Ligand code: WT7
């Protein structure tokens, strides 16, 4: 098989000629599909849920198809509309107002999604937290966003430093058997009383909707702020790239604590009115195949790290499941290995469509449309209405086949509108009218983009973005650790693993149990995905004269590469 190009195949997709759309493309045309285009009343929760609930032909369609090892449930658009109205009423009763930040720290469940829309319906800004976050990660986010309310469960409450968050006025506990004290709001009791009717708070398209915290190479996680207008691109990319039709059963495997799990686990499917599969519980190739089979999933959006595990699980396993409903597969988050594309062609007879975007971009920008020829190893081409280029450090466009900064012309609909309380950081993303992504790439003569790596120290482990500074900060809180430098080390299955170099304080001796203790310290203090898989003890950590850890040098040592310019190295 010629793996340099994989042609589009008709029959499986609606092969709209999106190529011709690029000419004279205008986002205004897309906006005509929203009810606010006619009514002037804006709220993404209305467009995603209530609009369908008010439609006699759609209200009884299953919106959310939940399956977890211990619970199965179908929720229609009408039910989800009513349930989110109930949450909105609770929020309003306890004083939540437009613009307040309300965080969600609870497992993926039907309640999570009702609460998410309840937050939007009062005009508040939702802050979904990944369930695996430990105290430090939770604290950083609630502190920085000055969240007024947190909706969580008794199991997770222990990771919330309640007394140290002055802005956090209310905590709502979902599923509490006995309330710990009367300082907490009992969700289950309130829901029984709450009306399922609610007057949505209409907002401006530029009003806040969502904050996702994400890591850079320095400092604490940054609050990436998205507004209701992002729905325009969630909807459009859902239609063009994910190829939604009304009777699709779609499964996006990402957790709503990450941007893929909101943009494509919430907005894109429901704005397009399709049935959305939500799966709780842990990943195993068996349980995921079962989810595809049992729910007759037609469209699947997942990540290379999971796909690589399916490849390792072997061709015999997949034969035990009936995956004949599946018609479209997409990937995001890391480079998609050409071998995985070959595997999918063999076992599913389907192409995998890579998509590139970031927390900051809010939605897909560079993609493989169903109608496009795929070039395995390439992320594809920009969607209509988006201009991408490779630029140098001054923001000048570079010619084809030259490596540089992957950049996007400022102004697409779902672009972040701020870094929360950090205008300087926000400005630093833009050079000469371009949003500069931090990824290095090149573009071929035909406009296909090829990812090369990160230009900063951000780590991508199993598709999750980790800032080395966060891990280093946690490491040096351990009493044995004096200094720490953290890097991403290439790994065939996970993309990168986190490797930490540390120096020990006097009186501590290097041994396996100490290293394991330090690893656990990060795991239980910050989060499992941020815990270093490898820790190496050094006599010193290389730093610049101004005291910055030279992670690049650590990486070169680790990989046995030339060390380059070390003139700024401290003595
Ligand atoms: C970084 C963004 C929003 C999607 C989930 C990740 C890497 C993303 C690809 C791809 C190679 C990719 C980039 C990017 N990345 N998609 N198709 N091929 N790398 O969002 O956590 O904000 O991470 O993920 O390095 O900058 P994120």
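The values are calculated or read from the model by the stated rules, or taken from the named source; none is laboratory data. The shown structure was predicted, so the numbers you read here are calculated from the model rather than taken from an experiment. As a convention, Cβ positions derive from the backbone with ideal geometry for all residues, glycine included, and neighbour counts pool all protein chains shown.
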Counting only residues that are assigned to a loop (DSSP other than H, G, I, E, B) and either near the ligand (Cβ under 9 Å from one of its atoms) or surrounded by fewer than 24 Cβ atoms within 10 Å (Cβ to Cβ) (or both), the stretch 348-368 contains a total of 8
By residue number, the members of the stretch 176-186 that are at pLDDT 95 or above and more than 15 Å from residue 95 (Cα to Cα) are 186
Quick count over the stretch 369-404, residues being out of contact with any strand residue (DSSP E or B) (no Cβ under 6 Å at 6 or more places or on another chain), under 27 Å from residue 305 (Cβ atoms) and either assigned to a loop (DSSP other than H, G, I, E, B) or modelled with pLDDT under 95 (or both), is 8
The residue from 490, 542 that alone is touching a strand residue (DSSP E or B) at 6+ places or on another chain (Cβ under 8 Å) and under 20 Å from residue 215 (Cβ atoms) is 490
>> Yes or no: the stretch 305-315 includes at least one residue that is away from the ligand (no atom under 16 Å from the Cβ), assigned to a loop (DSSP other than H, G, I, E, B) and more than 20 Å from the chain's Cα centre (by Cα).
In response: yes
Only one of 445, 477 is within 30 Å of residue 378 (Cα to Cα), more than 16 Å from the ligand (Cβ to nearest atom) and either part of a loop (DSSP other than H, G, I, E, B) or touching a strand residue (DSSP E or B) at 6+ places or on another chain (Cβ under 6 Å) (or both), namely 445
Over 29 Å from residue 527 (Cβ atoms) and either at pLDDT below 95 or surrounded by 24 or more Cβ atoms within 10 Å (Cβ to Cβ) (or both) - does that describe any residue in the stretch 127-147?
no
Among strands (runs of 3 or more DSSP E) completely within the stretch 48-154, the ones holding 1 or more residues that are closer than 20 Å to residue 275 by Cα are 62-68, 71-76
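I need the full set of residues from the stretch 260-278 which are within 11 Å of the ligand (Cβ to nearest atom) and under 17 Å from residue 119 (Cα atoms), in order please.
Within the stretch 260-278, 261, 262, 263 qualify.
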Output yes when any residue across the stretch 208-223 is part of a helix (DSSP H, G or I) and under 27 Å from residue 272 (Cα atoms), and no when none is.
no
